[in-house]
Amino acid sequence: MADLVDGYDLVGFDLDGVVYTGPEAVPGAASTIAEIRRRGIKVGFVTNNAQRGPQAVSEHLSRLGIPCAPEDVVTSAQATARVMAERLPAGAEVFVLGTQALVDEIAAVGLSPVETRSADTRAICVGYHPGLTWEQLNEGCFAVQDGATWYACNNDLNRPAPEGLAIGMGGILKAMGEALPGLAPRMGGKPAQPLFDETVRRLGGTRLLFVGDRLDTDVEGATLAGWDSLFVLSGSHSMADLEVAPPSQRPTYIGPDLTCLVAPCPTQVDSQG
């Protein structure tokens, strides 16, 4: 019997909760990814985290025994920057609420990132940054109220931390939404499609599988983008979450962790519940 991964030519991996948990690799991750590559299947590391750039992510993975080049990493910052470049004129001023990694990606697509808003600000872009202040968020709201287009890298409501679940980008966006009633940002990261499109554009592939631990971002995003999905139980969401998930968040397959990729087909999920 063929292994699950043999039906695909590109596998995209979410990171935290799938490839690693905190500072440690998920058991079997390094050997599984090495075997997938040995079979000639493309591998991409696809993350909603806009805080770190591809170089930092690739170095982290390499330290965990998973060889990785920056070109193997696709971030929500890259996907969001491309969305903005397609919609804004070249050189347009973008007020950035995020880390240097996000600033770099916006500059790389020919836009002009700035640290303070001005009368020339055409858009704002929000990405997770642990040092964001209420003053900065308010400045972003004021820019949108003055006509700037609102972009954001992802809307994950929480993020894993050693102490438990911490407030994620979605929480930040909800706070901004209180001052921007009726408005929502254009999103680059999961579950929006641009991050999946960016992955295919960079890495190629036609038979596509995404491996994730969150139903509301990884699985729903894969479904919307036309990818199959493998939901693994090594991270954020559990079987209890799956039992109450709507059809859009029901994966193609479910398994304990990513090692089931190189085993005969794991459990297939009834898309209707």
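The values are calculated or read from the model by the stated rules, or taken from the named source; none is laboratory data. As the structure is a computational prediction, the values presented were derived from the model and not from experiment. Note: ideal-geometry Cβ built from the backbone for every residue, glycine included; neighbour counts use all protein chains shown. What goes into the accessible areas is simple: the full protein's heavy atoms, side chains included, and nothing from ligands, DNA or RNA. Shrake-Rupley method; radii C 1.70, N 1.55, O 1.52, S 1.80 Å.
Brief remarks on what is shown
- Sorting H129, H60 by accessible area puts them as H129, H60; the probe is 1.4 Å, largest comes first, and only protein heavy atoms count.
- The mean sequence distance of close C-alpha pairs (under 8 Å, at least 6 residues apart), as a share of the length of segment 93-217, puts its relative contact order at 19 percent.
- Within the assembled protein chains, the solvent-accessible surface assigned to T206 is about 120 Å², based on a 1.4 Å probe.
- These residues, S229, S31, go from largest to smallest accessible area, 1.4 Å probe, as S31, S229.
- Burial ranking of peptide ranges 241-249, 77-85 (average Cβ count within 10 Å, highest at the top): 77-85, 241-249
- Extension gain for the segment D3 to R186, taken as residue separation times 0.36 nm less the Cα-Cα distance, is 62.1 nm to one decimal.
- Where a label projected 7 Å from the Cα of D241 along Cα→Cβ would reach, residues of segment 150-177 with amide N under 18 Å: 154-172
- Spin-label model, N138 to N158: label points 7 Å out along the Cα-to-beta-carbon direction sit 2.9 nm apart.
- Accessible area of the chain divided out per residue, in Å², using a probe of 1.4 angstrom: 44
- Stretch gain in nm, segment D197-S112, where the contour uses 0.36 nm per residue and the Cα spacing is subtracted: 28.2 nm
- Once the chain from K174 to D146 is taken as fully extended at 0.36 nm per residue, the excess over their C-alpha distance is 8.1 nm.
- Carbon and sulfur %, accessible surface of the chain computed with the full protein complex present, 1.4 Å: 51
- By accessible area with a 1.4 Å probe, ligands and nucleic acids excluded, highest first: order of K174, K190, K42: K174, K42, K190
- Top of D120, D197, D14 by mean-square fluctuation, Gaussian network on the chain, Cα under 10 Å: D120
- Gyration tensor verdict on segment 178-273 (Cα atoms; rounded if a/c is under 1.5, prolate if a/b is larger than b/c, oblate otherwise): oblate
- Length-normalised contact order of the chain in % [C-alpha pairs under 8 Å, at least 6 apart]: 22
- Compared with the dominant Cα axis of the chain, that is its longest principal axis, helix 76-87 is turned about 50°.
- Contact order relative to length of segment 206-259, as percent, for alpha carbon pairs under 8 angstrom and 6 or more apart: 39
- In this simple spin-label model, placing a label point 7 Å from the Cα along the Cα-to-Cβ direction at both A119 and R37 gives a separation of 5.4 nm.
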